[in-house]
Amino acid sequence: MSVVVTGATGHLGRLTVEALLRRGVPPSGIVATGRDIAAIKDLADRGVVVRRTDFTDPDSLATAFAGADKLLLISASVPVDERVANHRRAIDAALAAGVTLVAYTSTLQADTAATIIGATHRATEEYLRERRVPSVLLRNGWYLENYTGQLPLILQNGAVIGAVGQGRVSAASRADYAEAAAVVLTTEGHVGAVYELGGDEAFTLTELAAAISAAAGKQITYTDLPAQELARVLAGAGLPTELAEVLADADLGLSRGELFTDSGDLGRLIGRPTTPLADAVADALR
């Protein structure tokens, strides 16, 4: 079996490669791809096949996917307006290579989500169906790291900011999502499945602030802002304007329940409880 992982130079892709290795896939049976393959030289040193890909270059995709049985297509972290075209090129290359399964990392409730991000995932899912690709949809929820990665700034300002109201988010760790992907790629019976993946315990950002307060021994509050104001704050903090607007829009989706799931799919796939919020915060603080 040969498994190709796109975006292996990123967090989720690398974690998935590691999870595949733990599950007994030989290094020579894994193809780790990305633009900057120097970043994954250590994987090559361990016997993993490393190939450069550029989603804008169909020839690079054809070369990288040659001989593959299964493909993990991790949604591209490029400007939103380029995502769908990139995904389509990757899907076309997978079909041409004769891949028997494409596992695509989508987003929760992609078929109905009204967010900017949701629309790109929905378009990709539709293309998979249109091309009749044997596929499985891994509709990943938000990462816990989206929040724990902000801890230095949160502690400095004494506040979590957002535009979610009392919306609940079913966040899980990247490692949990990576493990689920590895399970799907190394076991049978997943073609046509749609997995709504998220943490076992959803939380509000008010509850996130309370968890940080308890772990850090410092009072942290949650400040709810209008989405347009949040976008301005994020842009003022140095984020590109487009990204700031996409993130604020995602918060609106969270407030509508679009990043919540009680499916239990993630825990069932990985065979254990998902990483609790309190543990993720404590680990990040350490």
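How many residues does the range 73-115 hold that are without any contact (Cβ under 8 Å) to a residue 40 or more places away in the chain, closer than 19 Å to T9 by Cα and of a type in the set (S, T, Y)?
The total comes to 2.
Can you tell me which residue in the range 169-200 is surrounded by the most Cβ atoms within 10 Å (Cβ to Cβ), limited to those that are outside any helix (DSSP H, G or I), touching a residue at least 24 places away in the same chain (Cβ under 8 Å) and more than 18 Å from the chain's Cα centre (by Cα)?
Quick first cut of the range 169-200, residues outside any helix (DSSP H, G or I) only: 169-173, 187-200.
Filter once more, keeping what is touching a residue at least 24 places away in the same chain (Cβ under 8 Å): 169-173, 190-200.
Okay, now just the ones that are also more than 18 Å from the chain's Cα centre (by Cα), so 190-192.
Numbers: H190: 19, V191: 14, G192: 9.
The extreme case among them is H190.
If we scan the range 186-204, do we find a residue that is among the β-branched types (V, I, T), modelled with pLDDT of 95 or more and over 30 Å from D69 (Cβ atoms)? Don't jump to the end; show me each part of the working.
From the range 186-204, those among the β-branched types (V, I, T) are 186-187, 191, 194, 204; that's our starting set.
From the residues that got through so far, the ones that are modelled with pLDDT of 95 or more too are 186-187, 191, 194, 204.
Now narrow it down to the ones that are over 30 Å from D69 (Cβ atoms): 204.
Within the range 186-204, one or more residues are among the β-branched types (V, I, T), modelled with pLDDT of 95 or more and over 30 Å from D69 (Cβ atoms).
Going through the range 86-119 one residue at a time, which ones are in a helix (DSSP H, G or I) and open to solvent by less than 10 Å² (accessible area, probe 1.4 Å)?
Restricting attention to the range 86-119, the residues satisfying the condition of being in a helix (DSSP H, G or I) are 86-97, 116-119.
Passing the criteria: N86, H87, A90, I91, A94, G118.
For the subset of the range 134-153 comprising residues that are surrounded by fewer than 20 Cβ atoms within 10 Å (Cβ to Cβ) and of a type in the set (A, V, I, L, M), which member is modelled with the lowest pLDDT?
Ranking the qualifying residues of the range 134-153, first place goes to L153.
Part of a helix (DSSP H, G or I), open to solvent by less than 60 Å² (accessible area, probe 1.4 Å) and touching a residue at least 40 places away in the same chain (Cβ under 8 Å): is that true of A235 in this structure?
Working: part of a helix (DSSP H, G or I): yes; open to solvent by less than 60 Å² (accessible area, probe 1.4 Å): yes; touching a residue at least 40 places away in the same chain (Cβ under 8 Å): no.
When the stated conditions are applied, A235 does not pass them.
Which residue, of R139, R122, R131, is of a type in the set (K, R) and in contact with a strand residue (DSSP E or B) (Cβ under 6 Å, 6 or more places away or on another chain)? Talk me through it step by step, then tell me what you get.
On the way: R122 fails: in contact with a strand residue (DSSP E or B) (Cβ under 6 Å, 6 or more places away or on another chain); R131 fails: in contact with a strand residue (DSSP E or B) (Cβ under 6 Å, 6 or more places away or on another chain).
The conditions single out R139.
Mind checking whether some residue in the range 250-268 is part of a helix (DSSP H, G or I), of a type in the set (S, T, N, Q) and crowded, with 16+ Cβ neighbours inside 10 Å? Please lay out each step first, then the result.
Initial filter on the range 250-268 (part of a helix (DSSP H, G or I)): 250-255, 265-268.
Checking which are of a type in the set (S, T, N, Q) leaves us with 255.
Now drop any that are not crowded, with 16+ Cβ neighbours inside 10 Å, which leaves 255.
Yes, the range 250-268 contains at least one residue that is part of a helix (DSSP H, G or I), of a type in the set (S, T, N, Q) and crowded, with 16+ Cβ neighbours inside 10 Å.
Every residue in the range 201-224 that is within 19 Å of T274 (Cβ to Cβ), assigned to a loop (DSSP other than H, G, I, E, B) and either open to solvent by less than 60 Å² (accessible area, probe 1.4 Å) or in contact with a Leu (Cβ under 6 Å, 6 or more places away or on another chain) (or both), please.
Listed by number, the residues that qualify are A202, T204.
Among the numbered conditions (1) within 20 Å of L266 (Cα to Cα); (2) at pLDDT below 95, tell me where R83 comes up short.
(1)
When both residues are 6+ apart or on different chains and their Cβ atoms are under 7 Å apart, which pairs have a first residue that lies in the range 267-280 and is within 11 Å of T148 (Cβ to Cβ), and a second that is assigned to a loop (DSSP other than H, G, I, E, B) and polar (S, T, N, Q)?
Note: pairs meeting the criteria are T275/S173; A280/S173.
So, in the range 116-135, how many residues would count as being in contact (Cβ under 8 Å) with a residue 40 or more places away in the chain and more than 15 Å from the chain's Cα centre (by Cα)? Let's see the steps before the verdict.
Step one: list which residues in the range 116-135 are in contact (Cβ under 8 Å) with a residue 40 or more places away in the chain, which gives 116-118, 120-121, 124, 127, 131, 133-135.
Now restrict to residues that are more than 15 Å from the chain's Cα centre (by Cα): 116, 127, 131, 133-135.
Residues in the range 116-135 being in contact (Cβ under 8 Å) with a residue 40 or more places away in the chain and more than 15 Å from the chain's Cα centre (by Cα): 6 in total.
Working only within the range 97-113, note down all residues that are in contact with a Phe, Trp or Tyr (Cβ under 8 Å, 6 or more places away or on another chain) and over 20 Å from T187 (Cβ atoms).
Residues of the range 97-113 that are in contact with a Phe, Trp or Tyr (Cβ under 8 Å, 6 or more places away or on another chain), as a first pass: 97, 99, 105, 108.
If the condition is that a residue be in contact with a Phe, Trp or Tyr (Cβ under 8 Å, 6 or more places away or on another chain) and over 20 Å from T187 (Cβ atoms), then A97, L108 are the ones that fit.
Can you tell me which condition V25 does not meet? The list is (1) on the phi < 0 side of the Ramachandran plot; (2) without any contact (Cβ under 8 Å) to a residue 24 or more places away in the chain, and all the others hold.
So the condition that V25 fails would be (2).
The values are calculated or read from the model by the stated rules, or taken from the named source; none is laboratory data. Bear in mind the structure is a predicted one, so any value in this text is a computation, not a measurement. In this analysis, Cβ positions are derived from the backbone assuming ideal geometry, glycine residues included, and neighbour counts consider all displayed protein chains. When the accessible area is computed, the model is the full protein with side chains, heavy atoms only, and any ligands, DNA or RNA have been set aside. Shrake-Rupley method; radii C 1.70, N 1.55, O 1.52, S 1.80 Å.
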